[in-house]
Amino acid sequence: MDTVVYDRLGRGEPLVLIHGVGHRRQAWAPVLPLLAEHRDVIAVDLPGFGESPPGEGGYSVDAALEVFGRFFADLGIDRPHVAGNSLGGLLSLALGKAGLVRSVTALSPAGLWTPRQQRYALAMLRAHRAIAERMPPDRVRRLAATPAGRGVLTGFIVAKPGRQSPEAVIDDAYAFGHAPGFAPTLAEAKGGFRFLGPVTGPPVTIAWGERDRILARPKAADLRRVAPDAHLLVLRGCGHVPMSDAPELVARVLLEGSAPVADDVCLSSIS
C-alpha cells in the first residue's frame, strides 16, 4: 500500500491540503498557523514527492483517488474538505467529482488547459527541473541567500520570492530536482490530465493567481463547464503557488471554501 507522509495540526473540521508537482507538503507552511485555528489541517506529501515513497499504483489521477480513499479511511475521516494547488488542485477537483470530499478549493489547478497551454506548462516544468537537477548545492545556497537570488530560483512559480526564507527555497529546490514522482507524473500528464468535470456535488472554489506564469487562467465560462456552481476568484498579486505571496488571503479563501466564516472579505471574481 502507498505510504503517505503528512503533518496534522489544529482542530475543527478536517481540511486536507495537496501540493503541486515537484513540490512538497511544506508548500502550505505559510498558511498552516492561520488555518489551524479553525480546521483540523492535514498537509500531505503525494506519493513520490517530499518524504512519501514512490507510488505503487502509478501516478494517474485514478491512482491518486485510490490512494486518497485509503488515506481518508486510515485516518478515520469521512469526506474531508480538500484544497490543492496546481496538480493538487486537479486532484481536489477529481476528488470532488468522485464524491469523496465535502468541499473543494482549487488554486490554479492543472488539467483545465488547452493542448497548447498544456505543452507550454509541461515544457516550463521540465526546463526548471533540468536546472534544479544540475545546479550545484553551493550555487543554490548562494542564490537563496538574497532576495534577487531567490527570484532566480523560484520566480517562475511565486510572485514575491523575497518573502520566502532561504532555508525553504534551498529545500524546495532539492525536492524539485530530486522527486522520483516528477518524471512519471509529467509522463501521465502528457497523455491526459485534462479534467472536464463536472463537479456538481460539493461546494467548489477555484482561485487563480493573477501573476501565474505556469498556467493561463481560463475564462469564467470554461470554468463553469467544469464546476457549474463554483465560486471563481482572482488572487491579486499572486503567482502560481500563492501561499507565500499572500498567506492571509490564501488562508481566507481556504477557510471560506471549506465553510463560511463570520467576517466578509472582498475577493475579486474571475470574469
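The values are calculated or read from the model by the stated rules, or taken from the named source; none is laboratory data. Only a predicted model underlies this, so the values are computations on that prediction, with no experimental measurement involved. Ideal geometry is used to build each Cβ from the backbone, glycine not excepted, and the neighbour counts take in all protein chains shown. When the accessible area is computed, the model is the full protein with side chains, heavy atoms only, and any ligands, DNA or RNA have been set aside. Shrake-Rupley method; radii C 1.70, N 1.55, O 1.52, S 1.80 Å.
Residue by residue, here is whether (1) in a loop (DSSP other than H, G, I, E, B); (2) over 12 Å from Ile18 (Cβ atoms); (3) at pLDDT below 95; (4) in contact with a Leu (Cβ under 6 Å, 6 or more places away or on another chain) holds:
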residue: Asp78; (1), (2), (3), (4): yes, yes, yes, no
residue: Val82; (1), (2), (3), (4): no, no, no, yes
residue: Gly89; (1), (2), (3), (4): no, no, no, yes
residue: Leu95; (1), (2), (3), (4): no, no, no, no
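Is it the case that Arg163 is more than 22 Å from Arg252 (Cβ to Cβ) and of a type in the set (Lys, Arg)?
no
Is it the case that Ser86 is surrounded by fewer than 24 Cβ atoms within 10 Å (Cβ to Cβ) and within 22 Å of Gly209 (Cβ to Cβ)? Step through it out loud before you land on a result.
Values: surrounded by fewer than 24 Cβ atoms within 10 Å (Cβ to Cβ): no; within 22 Å of Gly209 (Cβ to Cβ): yes.
Taking the combined requirement at face value, the residue does not satisfy it.
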_I'd like the full set of residues that are surrounded by fewer than 24 Cβ atoms within 10 Å (Cβ to Cβ), under 17 Å from the mean Cα position of the chain (by Cα) and outside any helix (DSSP H, G or I), limited to region 102-123._
Ser103, Gly111, Trp113
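Can you work out which of the residues in region 40-66 that are under 25 Å from Val253 (Cβ atoms) and in contact with a Pro (Cβ under 7 Å, 6 or more places away or on another chain) is least open to solvent (accessible area, probe 1.4 Å)?
Restricting attention to region 40-66, the residues satisfying the condition of being under 25 Å from Val253 (Cβ atoms) are 40-46, 49-50, 61, 64-65.
Still in the running and in contact with a Pro (Cβ under 7 Å, 6 or more places away or on another chain): 40, 42.
Working: Asp40: 21, Ile42: 0 Å².
Result: Ile42.
Report, by residue number, each residue of region 81-100 that is under 16 Å from the mean Cα position of the chain (by Cα) and among the aliphatic types (A, V, I, L, M). Steps first, answer last, please.
In the first step, residues of region 81-100 are kept if they are under 16 Å from the mean Cα position of the chain (by Cα); the result is 81-96.
Listed by number, the residues that qualify are Val82, Ala83, Leu87, Leu90, Leu91, Leu93, Ala94, Leu95.
Test Gly99 against the stated conditions and say whether it is under 14 Å from Val204 (Cβ atoms), open to solvent by 10 Å² or more (accessible area, probe 1.4 Å) and not charged (D, E, K, R).
Values: under 14 Å from Val204 (Cβ atoms): yes; open to solvent by 10 Å² or more (accessible area, probe 1.4 Å): yes; not charged (D, E, K, R): yes.
Yes: the conditions hold for Gly99.
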